[in-house]
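Read through the structure below, which is laid out as structure tokens, and then see the notes.
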Amino acid sequence: MNILVIGASGYTGERLVRALLARGHRVRGLARQIERGIALEKEGMELRVGDVLQPESLQGIANEIEIIFNLAASCRLDPAASKKILTDGARNLLRVVDRATLKKYIWVSNVSVYGLPAATARLDESSPLKPAYALGKITADAEALARENAPTVTVRVPNIYGAGRDGLAALREGRIRLLNGGENWTSRIHVDDLAQVLLAALERAPADSVYLAADDLPTTQREFYRELAAAIGAPVPLSLEINAARAFGLFGRAMNALAGERQYPMSENVIGLVSGNYFCLNNKIKNELGAQLKYPTFREGYKPILDLR
């Protein structure tokens with residue numbers, strides 16, 4: 001099939017592109033910087049350099065494309081920047097879609113659309129959308145925009161982790177803080193498993209469907225970091241009251257800022273995601289898409305990472 005991947009050189013995008021190429025698909029990938037896409041071009045991807053916020057760079061990009069994967073997003077951005085990418089950028093892309101050939105628009109969304117659920121909430125695809133902070137409201141609008149303009153498959157994801165995005169250095173260096181004690185529930189998915197879920201969505205998901213891509217083991221933030229800390233011989237992160245995080249605008253090294261260390265801004269988007277209760281159920285990706293997780297819990301996912309230490 002002729003497939004377009006927006007965000008092809010990103011953390012998830014590059015794995016998805018390689019998996020698509022391995023299955024014999026013809027892949028066109030959009031990357032913001034040519035340097036980021038050269039390696040994938042050498043592996044067989046048709047590289048297009050551009051930006052969803054620059055409409056002129058998108059001309060012709062969707063010609064003859066049957067499937068679009070849109071992975072252009074970042075929760076670390078401030079709300080204004082998130083809105084530009086998630087809604088303005090998507091609108092620019094949808095304007096150039098070849099509607100005569102497009103079969104699916106697979107939109108990688110996130111769990112912020114559920115807002116700030118209670119600790120007892122168990123989330124699935126039928127859970128009501130109650131966006132409570134900027135990213136959730138923007139993402140819900142972006143999901144609606146996609147559904148109104150294309151045969152959309154929405155894949156909502158919690159925290160994505162894997163090699164190169166494991167947080168171990170920050171944990172070892174004491175740069176992580178648990179907001180309000182880390183008693184909130186969190187879910188995650190290994191990047192390689194997410195790529196497989198996206199492939200399954202390509203092959204088996206009907207248009208106008210929604211999937212929640214998470215692994216089998218939600219944990220509290222404290223439980224997760226306690227186990228990782230024990231594995232690497234690091235202290236369990238200290239707690240940071242959520243209002244203090246907002247006031248200081250810091251994450252990671254917030255409590256060490258007065259010592260002259262580098263400060264890491266913490267946007268309202270990140271505060272919402274790391275302090276909300278996101279106990280995600282994954283029955284639908286297994287039952288409808290036939291997804292088989294290589295890393296059903298973070299313990300399997302972190303084992304090869306820890307083995308390389």
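Table for the structure above
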{"quantity": "Using a Förster distance of 41 Å, the FRET efficiency for Lys42-Arg246 (Cβ separation, nearest 0.05)", "calculated": "0.35"}
{"quantity": "Alpha-carbon Rg/Rh ratio, for segment 171-253, with Rh computed the Kirkwood way", "calculated": "1.12"}
{"quantity": "Rule-of-thumb Rg ratio for the chain [Cα; 2.2 N^0.38 Å; N residues]", "calculated": "0.99"}
{"quantity": "Stokes-Einstein D (µm²/s) once Rh is taken as the Kirkwood radius of segment 72-207 over alpha-carbon pairs, at 4 °C in 1.567 mPa s", "calculated": "78 µm²/s"}
{"quantity": "Estimated FRET transfer efficiency (Leu238, Ala169; beta-carbon r; R0 22 Å; 0.05)", "calculated": "0.80"}
{"quantity": "For segment 48-129: Kirkwood Rh in Å [reciprocal of mean 1/r, alpha carbons]", "calculated": "14.6 Å"}
{"quantity": "Scattering profile of segment 111-176 at q = 0.15, 0.21, 0.29 Å⁻¹ [log10 I(q)/I(0), Debye over alpha-carbon scatterers]", "calculated": "-0.66, -0.94, -1.20"}
{"quantity": "Distribution of pairwise C-alpha distances over segment 179-219, 5 Å bins, in %", "calculated": "6, 19, 22, 19, 14, 9, 6, 4, 1"}
{"quantity": "Pairwise Lys count, the chain - Cα closer than 25 Å, eight or more residues apart or different chains", "calculated": "17"}
{"quantity": "Rh by Kirkwood over Cα pairs, then Stokes-Einstein D for segment 1-113 at 1.306 mPa s and 10 °C, µm²/s", "calculated": "113 µm²/s"}
{"quantity": "Centroid-to-centroid separation of segment 96-149 and segment 268-307 [C-alpha atoms, Å]", "calculated": "17 Å"}
{"quantity": "Normalised contact order of segment 1-113, rounded percent, pairs of Cα under 8 Å and 6 or more residues apart", "calculated": "27 percent"}
{"quantity": "Per-peptide average of other Cβ atoms within 10 Å, ordering 88-96, 179-187 highest first", "calculated": "179-187, 88-96"}
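Every read-out reported here was derived from the displayed coordinates using simple, explicitly stated rules and does not represent laboratory data. These numbers come from a predicted model, not from an experiment. With ideal geometry, Cβ positions are generated from the backbone for all residues, glycine too; neighbour counts draw on all protein chains shown.
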